[in-house]
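Notes for the one structure printed next.
The values are calculated or read from the model by the stated rules, or taken from the named source; none is laboratory data. The model shown is predicted, which means the values in this text are computed figures rather than measured ones. Neighbour counts are summed over all protein chains in view; Cβ atoms, including those assigned to glycine, are modelled from backbone coordinates with ideal geometry.
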Amino acid sequence: MTDKVEEVLLRLPKHFFHEVCGIAEYEEIELTDFIYQATKNYVEQKKEIFILHEQMQKGYQEMAPINLKICSEAFLAEEEANHTANRSMSEV
């Protein structure tokens with residue numbers, strides 16, 4: 001941990017507190033260090049998820065015009081095929 005720390009009061013259900021204490025004891029680390037590491041890991045994971053979400057959103061926004069163009073081209077091709085099919089049917 002860093003030299004500058006902030007003291008906090010943490011309220012946990014008793015059964016969960018005992019579970020956390022048991023894990024810290026098993027890992028042979030101080031409870032404070034265990035809670036610090038667990039909190040740090042949680043925050044880092046949330047940051048990674050946020051970054052991934054941002055990247056995915058950017059990718060979808062970049063792909064939107066391309067997808068719209070593909071969709072428009074497919075729609076026009078389908079309309080042309082329907083027109084050709086209808087014209088062929090009327091000639092029969």
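List of remarks:
- Condition met for residue 34 (surrounded by 10 or more Cβ atoms within 10 Å (Cβ to Cβ), in a helix (DSSP H, G or I), aromatic (Phe, Trp, Tyr) and at pLDDT below 90): no
- When residue 14 is tested against (1) surrounded by 10 or more Cβ atoms within 10 Å (Cβ to Cβ); (2) at pLDDT 95 or above; (3) basic (Lys, Arg), only condition (1) is not met.
- Flag for residue 4 being at pLDDT 95 or above and not aromatic (Phe, Trp, Tyr): no
- Of the residues making up the stretch 37-66, just one is surrounded by 11 or more Cβ atoms within 10 Å (Cβ to Cβ) and over 30 Å from residue 11 (Cα atoms), namely 63.
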